[in-house]
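The values are calculated or read from the model by the stated rules, or taken from the named source; none is laboratory data. Quick caveat: nothing in here was measured; it's all calculated off a predicted structure. Virtual Cβ from ideal backbone geometry, glycine too; neighbours counted across all protein chains shown.
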There are 2 protein chains.
Amino acid sequence: MKDKINIGILGLGVVGSGTVKVLQQNADSIREKVGSEIVIRKVAVRDLNKRRATDVPREILTNNPIEVLDDPEIDIICELIGGVSPAREYVMRALKNGKHVVSANKELIAKEGYLITAEADRLNLDFQFEGAVGGGIPIIQPMRNALSGNRVQELMGIVNGTTNYILTRMTLEGADFDMVLRDAQAQGYAEADPTSDVGGFDAQYKIAILSSIAFNSRVNVADVYVEGITHITRRDIECARELGHVIKLLGIATRVGDDGVQVRVHPALLPNAHPLASTNDVYNAIYVRGDSVGDVMFYGRGAGMMPTGSAVVGDVIDVCRNIRMGATGRVRTNTFEAKRMIPMVDVESKYYLRMQVDDRPKVLASVAMALGDHDVSIETVVQKSTGRDLAEIILVTHTVREGNMREAIEDIRSLETVRQVFNWIRVEK
Amino acid sequence: MKDKINIGILGLGVVGSGTVKVLQQNADSIREKVGSEIVIRKVAVRDLNKRRATDVPREILTNNPIEVLDDPEIDIICELIGGVSPAREYVMRALKNGKHVVSANKELIAKEGYLITAEADRLNLDFQFEGAVGGGIPIIQPMRNALSGNRVQELMGIVNGTTNYILTRMTLEGADFDMVLRDAQAQGYAEADPTSDVGGFDAQYKIAILSSIAFNSRVNVADVYVEGITHITRRDIECARELGHVIKLLGIATRVGDDGVQVRVHPALLPNAHPLASTNDVYNAIYVRGDSVGDVMFYGRGAGMMPTGSAVVGDVIDVCRNIRMGATGRVRTNTFEAKRMIPMVDVESKYYLRMQVDDRPKVLASVAMALGDHDVSIETVVQKSTGRDLAEIILVTHTVREGNMREAIEDIRSLETVRQVFNWIRVEK
């Protein structure tokens, strides 16, 4: 048995620094658990002279990733640089060199994971990525192991911390999106270019990864419907509260019949009593419904240096155990179930709809008529005068096919008495 | 590689039936994930003629467990009979015969797990028991794998479904303990002899198992402080609600300094906003605080045929993967950290205290004085006249050593103006 396992790290940003810190601060207990010492042999960084959050000896730093990837002494590469290229080329080169790979790169895994895992499986190498989804929350390993006797029926999760932080503050403070976003940027909870988070794309990557594992299939990122939170107003949050709901950005993946799946990211109204409704601030939570286990939920910090470092180190320990036992490639990626993607128009949901109308007789009747023409029936409706001969209508529909709902909204928009359809948001149970 | 892995099952009660059902209903996907077919070769039952919840061919049933344990074709034994004896003898015989063991037997594992795991480790065999705690919730595997880079600081969990069901109904209905218990028994949520659940002993086993894994140590069941819920009244629950809290039966394990741990089971007041506070009915939830991951929580059904069957099958799949790779004994039990158990009197907590006193001047002063004599200071206090010259005092203390609190309560009991100390309950943050 190897008494030392050497790892190489690509990238010493937030996640890289966390990984180094976790390995350093718990080195003794990790050695006991693995049975070998884990040695950080080389770390590739862009700038050798930058000040770091971690203590890494200057002599193991290099600004040439190839030095790390081609070092014959290194057993495991931790790819922690993010983005598709050159991360993909680095990962493939590591595999070609017979090295196992641990990554926390959601974009790479969502877009190219199927190619990488196929190559890793072919070479009996490990490729693991617990840190790519939910920060330190164990979710990928449990789905592949403890829950693997289940047929997963549905996944639902809050998988983006930035948007959850923004929506939580909008809810608690009655504040506007733009104000909270600026503040989140100032505090480092949102990036200077927030598109990936607030546009839902980060969540889209994550739900593509989770649903691929849950459904033993390959879910393409491009097939995942995505809608961000930029159109959510404080008025919508206020109306949701009056209806006993909160608004959350959800990733949802549902099995439909024998061969269908629907995978989507969008804001939704959730009842206050739903366990995901109380997942606030930067916390993430993922709900899994399996045919035997029923509902299970995993909750924790969805990002950050130490939580994501915890996930990367958990994967490293797992790979080390495989190396020691000659058992690498032990858990394979399964894509044995071919799946048909259900288009968004065929998804069934309840809908919240808020609009401004003329405050005069029969306006509500004409709205209800337009909905009814597309088989949309109303569960609750409130109409309030807002002065100056205007009123606001807020309604929630019964469950209906989304295509019908969209057509009904088009018809409502064309009604003479409807000034503006402010917003429509899906309502989850 | 083996194209078939044979398992033998001891016991076809609730968990045994669930295990068979999960293996049968997802046989195809399990075969794909494992790479081998899992064959149920023999099942030992007490009564061959009893009607079963599952379809098991008559010819694989036996009423002789030794036939299963000694069958040379069987690779994995699922011990699902419960209790210490003869389960221990069966498990040890299985190991002696070179078979891996999956068990959901919390009492056996809490009491004798250290002997069994030592033997399994010595023989490079797998001994797994995800189903022993939290039903189908993945908690043991995640602590041993994905979270294994962490130094666990604290565990806190609702790990007994029966008591949580009873407390939830007492809370929602304002009902008495005895009434709800009788109803729970009638509905099959509580056993005819409810001692193990309502006395906290089931939770004691589970927290002993979890804390042993969390602290890489051996936590003896007998060293785990235990207090059940039989003394909780609807009035306590009502008072807790007025203080913004719910009452839950908690298992708590805390690291104290470098070598100390405290492990305990007792009812406690939890703030409404705490994620465990909304874990209701038969659901379980386990909170883990690690030094790098921070707070993570695992939530789901803590018992039942299919959830526990899901956990057993998850373990079986894990063992099968090890068998195929020649990697059994891959994750070892770690007891490398010697731990000193902190006695309950040295635990620090806040306390809720409810008493009946004479409704006259200076009574509250004398209570506060008795508390102060033992360095117990008061955070909140309410005194209410209840008529007939009596009053009720409800108070919550600041954090104080339990020994001090107990002495203070003794002093309060001896006060002439105090008619009765109804209850005192710990308050968790």
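Points to keep in mind about this one:
- Residue selected from region B:59-82 under the condition at pLDDT 95 or above, assigned to a loop (DSSP other than H, G, I, E, B) and not aliphatic (A, V, I, L, M), by the criterion nearest to residue B:13 (Cα to Cα): B:63
- Residue pairs whose Cβ atoms lie under 9 Å apart, sitting 6 or more positions apart in sequence or on different chains, and linking a residue in region B:6-24 that is of a type in the set (D, E, K, R) to a partner that is assigned to a helix (DSSP H, G or I), are B:21/B:305; B:21/B:306; B:21/B:309.
- Qualifying residue in region B:98-109 (condition: surrounded by fewer than 24 Cβ atoms within 10 Å (Cβ to Cβ) and either over 26 Å from the mean Cα position of the chain (by Cα) or part of a loop (DSSP other than H, G, I, E, B) (or both)): yes
- Among (1) more than 20 Å from residue B:307 (Cβ to Cβ); (2) exposed (fewer than 15 other Cβ atoms within 10 Å of the Cβ); (3) in contact (Cβ under 8 Å) with a residue 60 or more places away in the chain - the single one residue B:35 does not satisfy: (2)
- Residues (surrounded by 18 or more Cβ atoms within 10 Å (Cβ to Cβ) and either under 30 Å from residue B:36 (Cβ atoms) or of a type in the set (A, V, I, L, M) (or both)) located in region A:345-357: A:347, A:353, A:355, A:357
Residue-by-condition table, conditions (1) among the basic types (Lys, Arg); (2) away from chain A (no Cβ under 12 Å); (3) touching a residue at least 60 places away in the same chain (Cβ under 8 Å):
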position: B:106; (1), (2), (3): yes, yes, yes
position: B:112; (1), (2), (3): no, yes, no
position: B:131; (1), (2), (3): no, no, yes
position: B:136; (1), (2), (3): no, no, yes
position: B:140; (1), (2), (3): no, no, yes
position: B:146; (1), (2), (3): no, no, no
position: B:175; (1), (2), (3): no, yes, no
position: B:196; (1), (2), (3): no, yes, no
position: B:212; (1), (2), (3): no, yes, yes
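- Residue list for region B:221-231, filter: surrounded by fewer than 22 Cβ atoms within 10 Å (Cβ to Cβ) and in contact (Cβ under 8 Å) with a residue 60 or more places away in the chain: B:221, B:223, B:225, B:231
- Of the candidates A:326, A:260, A:309, the single residue that is in contact with a helix residue (DSSP H, G or I) (Cβ under 7 Å, 6 or more places away or on another chain) and not aliphatic (A, V, I, L, M) is A:309.
- Counted as qualifying within region A:128-212 are the helices (runs of 4 or more DSSP H) with 2 or more residues that are modelled with pLDDT of 95 or more and either of a type in the set (D, E, K, R) or crowded, with 24+ Cβ neighbours inside 10 Å (or both), namely A:140-144, A:161-173, A:177-186.
- You will find that of A:28, A:47, A:71, the residue that is out of contact with any Asp or Glu (no Cβ under 7 Å at 6 or more places or on another chain), free of Cβ contacts under 8 Å to residues at least 12 places away in the same chain and surrounded by fewer than 23 Cβ atoms within 10 Å (Cβ to Cβ) is A:28 and no other.
- Condition broken by residue A:339, with the remaining ones in (1) farther than 27 Å from residue A:157 by Cβ; (2) modelled with pLDDT under 95; (3) surrounded by 15 or more Cβ atoms within 10 Å (Cβ to Cβ) satisfied: (1)
- Any hit, region B:46-58, residues being within 30 Å of residue A:329 (Cβ to Cβ) and either out of contact with any Gly (no Cβ under 9 Å at 6 or more places or on another chain) or assigned to a loop (DSSP other than H, G, I, E, B) (or both): no
- Inside region A:310-336, residues that are at the interface with chain B (Cβ under 7 Å from one of its Cβ atoms), hydrophobic (A, V, I, L, M, F, W, C) and touching a residue at least 40 places away in the same chain (Cβ under 8 Å) make up a count of 5.
- Residues of region B:252-297 classified as in contact (Cβ under 8 Å) with a residue 40 or more places away in the chain and among the small types (Gly, Ala, Ser), total: 6
- Filtered residue count, region A:315-357, keeping only those that are of a type in the set (Lys, Arg), in contact with a Gly (Cβ under 7 Å, 6 or more places away or on another chain) and within 30 Å of residue A:239 (Cα to Cα): 0
- Cβ-Cβ under 9 Å pairs, at least 6 apart or on other chains, region A:348-365 side in contact (Cβ under 8 Å) with a residue 60 or more places away in the chain, far side among the aromatic types (Phe, Trp, Tyr) and buried (at least 18 other Cβ atoms within 10 Å of the Cβ): A:351/A:424; A:352/A:424; A:353/A:424; A:354/A:424; A:355/A:424
- Members of region B:213-231 that are in a helix (DSSP H, G or I), farther than 16 Å from residue B:129 by Cα and touching a strand residue (DSSP E or B) at 6+ places or on another chain (Cβ under 7 Å): B:223
- Any chance residue B:273 is in contact with a Leu (Cβ under 6 Å, 6 or more places away or on another chain) and farther than 14 Å from residue B:155 by Cα: no
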